[in-house]
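Encoded as C-alpha cells, the structure appears first; notes follow it.
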Amino acid sequence: MTVTQNRAVESETSAAREKVLEVKNLRIHYETPRGDVIAVNGINFHVYKGETLGLVGESGCGKSTATAGILRLVQPPGRIVDGEVLLNGVDLLKLNESELRQKRWRDASLIPQGAMNSLNPVMKVKEQIGDGITTHEPGMSRQAVKERILELLTLVGLPSRVYDLYPHELSGGMKQRVCIAMGIALNPSMIIADEPTSALDVVVQRVVAQTLLDVKKKLGVSMILIGHDMGLQAQLVDRIAVMYAGNIVEIAPVRSLFEEPMHPYTQLLIASIPSIKERKPLKITEGLTHDLRNPPPGCIFQFRCPQVMEHCRKITPPLRELKPEHYVACHLYE
Ligand SMILES: Nc1ncnc2c1ncn2[C@@H]1O[C@H](COP(=O)(O)OP(=O)(O)OP(=O)(O)O)[C@@H](O)[C@H]1O
Ligand code: SF4
Ligand SMILES: [Mg+2]
C-alpha cells in the first residue's frame, strides 16, 4: 500500500470514528478593570469515543479555563463569550441550568485541578462520594449507594476500609483516587481530569495515572487529560493538543507529535524534555508571552518564535490539517 493510500485509509478511519465531544470556536474572557483577559481565544477540537486527548501548554495558557468552559463551570469574572460545545450532539452552551445539571457528572465529569486538596476535611469518604450520587439519583436506596461506593473504591484500586476514613487519613495518591471515584460515580461518557497527578511524587504520579487509564479502559469512556509532563502524556494519551496563550497551535496523534512536531512551540516543548541517555543543554524559550488583554495582530507565538517571519506579525495562521489528524497553526507550512 502506498503512503497516499495509507493516508486515505487513515482519513476514512478517523472520519468513521464517533465524536463524543466537539468544541467549536470556544472563547472565554475574564473581565478585569484594565480590560478583558482573553484566556481562551476561539479554540476548536474534538474527542473521539473511547480515546484520551492530552492537553498541554505552559502555566496560564488557558487549559483549566477551556476545560471548565466545556461544562460551563468557569467562575466569575470569567464568562463564555462565544462558541459551541457539542456533547453527544447536544450543545451544552444552549441548555438551561436544570438541563445542564442533568448532563454534568452524568454525561461528562470534571476532576478539577487541585481536587484532592478540596476534599471536605470533616466528611468521610463515604459521605463525599455518596453526596454526589444521591444528588443525581435521589431515589437510590442507602444500601445501593453503599454498594456503589464500594464498587467505585475497588475500581480505583482502594481497599474497602477507605469507605469509613476521613481525607486526612489518606495519602495524596489515595485522595486523588477518591477524586477519580467521585468523577466516575455516575458513569459519564467523558471524563476531564485537570492535572490529576501534579503535586504527587513521581512514583505515585505513575500509579494514579495508571489508575485513570485502567478506569477508562474498563468503563470505555473518553478522557481529556491535562498535564505539564510531556513524558507522562506520551505514555498515556492517544492524541495531544498543544495550547499557547489561549490558542490551540497543534493537535496530532501522540506518535506523530513526538516524532514530527511541526509548530515551533511544540518543537521547543519536546526539545526541553530532559534525557538521561543524551545529556543536552536545557532549551529555554526566550521572551515573554504577550499581555492576554492585548494580543498582537498575526501569530500569537511571534514574540518567542525562533523562526518568525515578516508576515507572521500581520496575518494569523489558521489551524489547518496538514497530514491526517495532524493540525498545525503556522505560516511555515504554507
Ligand atoms: N479570575 C481571573 N481573573 C483574571 N484572569 C484570570 C483569572 N483566572 C485565570 N485568569 C487568567 O486566564 C489565563 C488562563 O488561566 P488558566 O488557569 O486557565 O491556565 P492553565 O493553563 O490552566 O494554567 P496552569 O497550568 O497554571 O493550571 C491566565 O493567563 C490567567 O492569568
Ligand atoms: S506563524 Fe510564524 S511566528 Fe507563528 S509559529 Fe509559525 S513561524 Fe513562528
Ligand atoms: Mg490549570
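Just checking, which of GLU84, GLU58 is touching a helix residue (DSSP H, G or I) at 6+ places or on another chain (Cβ under 9 Å), within 16 Å of ligand 2 (Cβ to nearest atom) and of a type outside the set (Gly, Ala, Ser)?
On the way: GLU84 fails: within 16 Å of ligand 2 (Cβ to nearest atom).
Exactly one residue qualifies, and that residue is GLU58.
Taking the residues in the stretch 15-50 that are among the β-branched types (Val, Ile, Thr) and within 9 Å of ligand 1 (Cβ to nearest atom) as candidates, determine which candidate is surrounded by the most Cβ atoms within 10 Å (Cβ to Cβ).
By that ranking, first place goes to VAL40.
Which numbered condition trips up ASN117, out of (1) modelled with pLDDT under 95; (2) under 29 Å from LYS49 (Cα atoms); (3) not in a loop (DSSP other than H, G, I, E, B)?
(2)
Within the stretch 150-160, does at least one residue satisfy the condition of being touching a Leu at 6+ places or on another chain (Cβ under 6 Å) and in contact (Cβ under 8 Å) with a residue 12 or more places away in the chain?
Quick first cut of the stretch 150-160, residues touching a Leu at 6+ places or on another chain (Cβ under 6 Å) only: 160.
Okay, now just the ones that are also in contact (Cβ under 8 Å) with a residue 12 or more places away in the chain, so none.
For the stretch 150-160, residues touching a Leu at 6+ places or on another chain (Cβ under 6 Å) and in contact (Cβ under 8 Å) with a residue 12 or more places away in the chain: absent.
Could you list all residues from the stretch 51-95 that are of a type in the set (D, E, K, R), more than 30 Å from SER256 (Cα to Cα) and more than 13 Å from ligand 1 (Cβ to nearest atom)? Steps first, answer last, please.
Filtering the stretch 51-95 down to residues of a type in the set (D, E, K, R) leaves 51, 58, 63, 72, 79, 82, 84, 91, 94.
If we keep only those that are more than 30 Å from SER256 (Cα to Cα) as well, we get 72, 79, 82, 91, 94.
Answer for the stretch 51-95, where residues must be of a type in the set (D, E, K, R), more than 30 Å from SER256 (Cα to Cα) and more than 13 Å from ligand 1 (Cβ to nearest atom): ARG72, ASP82, ASP91, LYS94.
I'm trying to understand the selection: among the residues of the stretch 312-334, which are assigned to a loop (DSSP other than H, G, I, E, B), free of Cβ contacts under 8 Å to residues at least 40 places away in the same chain and under 25 Å from the mean Cα position of the chain (by Cα)? Quick ask: steps written out before the conclusion?
Here is the first cut: in the stretch 312-334, the ones assigned to a loop (DSSP other than H, G, I, E, B) are 314-319, 324-325, 329-330, 334.
Going one step further and asking which of them are free of Cβ contacts under 8 Å to residues at least 40 places away in the same chain, we end up with 314-318, 334.
If the condition is that a residue be assigned to a loop (DSSP other than H, G, I, E, B), free of Cβ contacts under 8 Å to residues at least 40 places away in the same chain and under 25 Å from the mean Cα position of the chain (by Cα), then THR316, PRO317, PRO318 are the ones that fit.
Would you say VAL145 is surrounded by 15 or more Cβ atoms within 10 Å (Cβ to Cβ) and free of Cβ contacts under 8 Å to residues at least 24 places away in the same chain? Steps first, please.
Working: surrounded by 15 or more Cβ atoms within 10 Å (Cβ to Cβ): yes; free of Cβ contacts under 8 Å to residues at least 24 places away in the same chain: yes.
In short, yes.
For the stretch 305-321, give me each residue that is more than 8 Å from ligand 2 (Cβ to nearest atom) and under 19 Å from ALA241 (Cβ atoms).
Across the stretch 305-321, the qualifying residues are THR316, PRO318, LEU319, ARG320, GLU321.
Give me the residue from the stretch 51-78 that is without any contact (Cβ under 8 Å) to a residue 60 or more places away in the chain and more than 28 Å from ARG304 (Cβ to Cβ) and, out of that set, surrounded by the fewest Cβ atoms within 10 Å (Cβ to Cβ).
It comes out as PRO76.
Would you tally the residues in the stretch 263-277 being modelled with pLDDT of 90 or more and either within 15 Å of CYS299 (Cα to Cα) or of a type in the set (D, E, K, R) (or both)?
Of the residues in the stretch 263-277, 4 are modelled with pLDDT of 90 or more and either within 15 Å of CYS299 (Cα to Cα) or of a type in the set (D, E, K, R) (or both).
Residue by residue through the stretch 176-207, note down the ones that are closer than 24 Å to GLN143 by Cα and buried (at least 20 other Cβ atoms within 10 Å of the Cβ). Break it down stepwise before answering.
As a first pass, look at the stretch 176-207 and keep what is closer than 24 Å to GLN143 by Cα: 177-188.
ARG177, VAL178, CYS179, ILE180, ALA181, MET182, GLY183, ILE184, ALA185, PRO188 - these are the residues of the stretch 176-207 that are closer than 24 Å to GLN143 by Cα and buried (at least 20 other Cβ atoms within 10 Å of the Cβ).
List the residue pairs whose Cβ atoms are under 6 Å apart, where the first residue sits in the stretch 83-107 and is modelled with pLDDT of 95 or more, the second is among the charged types (D, E, K, R) and part of a loop (DSSP other than H, G, I, E, B), and the two are 6 or more positions apart or on different chains.
The qualifying pairs are LEU87/ASP107.
Go through the stretch 139-160 residue by residue and tally those that are of a type in the set (D, E, K, R) and within 13 Å of MET182 (Cβ to Cβ).
So the first thing to find is which residues in the stretch 139-160 are of a type in the set (D, E, K, R), and the list is 142, 146-148, 151.
Next cut, within 13 Å of MET182 (Cβ to Cβ) only: 148.
Within the stretch 139-160, residues that are of a type in the set (D, E, K, R) and within 13 Å of MET182 (Cβ to Cβ) number 1.
Name the one entry in PRO159, PRO138 that is closer than 16 Å to ARG104 by Cα and more than 27 Å from the chain's Cα centre (by Cα). Show your work before the answer.
Numbers: PRO159 fails: closer than 16 Å to ARG104 by Cα.
Of the residues listed, the single one that is closer than 16 Å to ARG104 by Cα and more than 27 Å from the chain's Cα centre (by Cα) is PRO138.
Look through the stretch 192-218, keep the residues that are more than 16 Å from ligand 3 (Cβ to nearest atom) and in contact (Cβ under 8 Å) with a residue 60 or more places away in the chain, and return whichever of them is farthest from LYS175 (Cα to Cα).
Applying the filter and picking the extreme gives LYS218.
Restricting to the stretch 100-130, what's the tally of residues that are closer than 30 Å to GLU22 by Cα and either surrounded by 14 or more Cβ atoms within 10 Å (Cβ to Cβ) or touching a strand residue (DSSP E or B) at 6+ places or on another chain (Cβ under 9 Å) (or both)?
Residues of the stretch 100-130 closer than 30 Å to GLU22 by Cα: 100-116, 118, 129.
Now restrict to residues that are either surrounded by 14 or more Cβ atoms within 10 Å (Cβ to Cβ) or touching a strand residue (DSSP E or B) at 6+ places or on another chain (Cβ under 9 Å) (or both): 100, 103-116, 129.
Count: 16.
To keep it simple, each residue is scored yes or no on (1) under 19 Å from TYR265 (Cβ atoms); (2) assigned to a loop (DSSP other than H, G, I, E, B).
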residue	(1), (2)
ALA39	yes, no
GLY42	yes, no
PHE45	yes, no
GLY50	no, yes
GLY54	yes, no
GLU58	yes, yes
THR67	no, no
VAL74	no, yes
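If we keep just the residues of the stretch 186-214 that are in a loop (DSSP other than H, G, I, E, B) and out of contact with any strand residue (DSSP E or B) (no Cβ under 8 Å at 6 or more places or on another chain), which is nearest to HIS46 (Cα to Cα)?
Within the stretch 186-214, the subset in a loop (DSSP other than H, G, I, E, B) is 186-189, 195-201.
Filter once more, so that each one left must be out of contact with any strand residue (DSSP E or B) (no Cβ under 8 Å at 6 or more places or on another chain): 187, 197-201.
Numbers: ASN187: 20, THR197: 23, SER198: 25, ALA199: 28, LEU200: 29, ASP201: 31 Å.
Ranking the qualifying residues of the stretch 186-214, first place goes to ASN187.
The values are calculated or read from the model by the stated rules, or taken from the named source; none is laboratory data. The model shown is predicted, which means the values in this text are computed figures rather than measured ones. All Cβ positions, glycine included, derive from the backbone under ideal geometry; neighbour counts span all protein chains shown.
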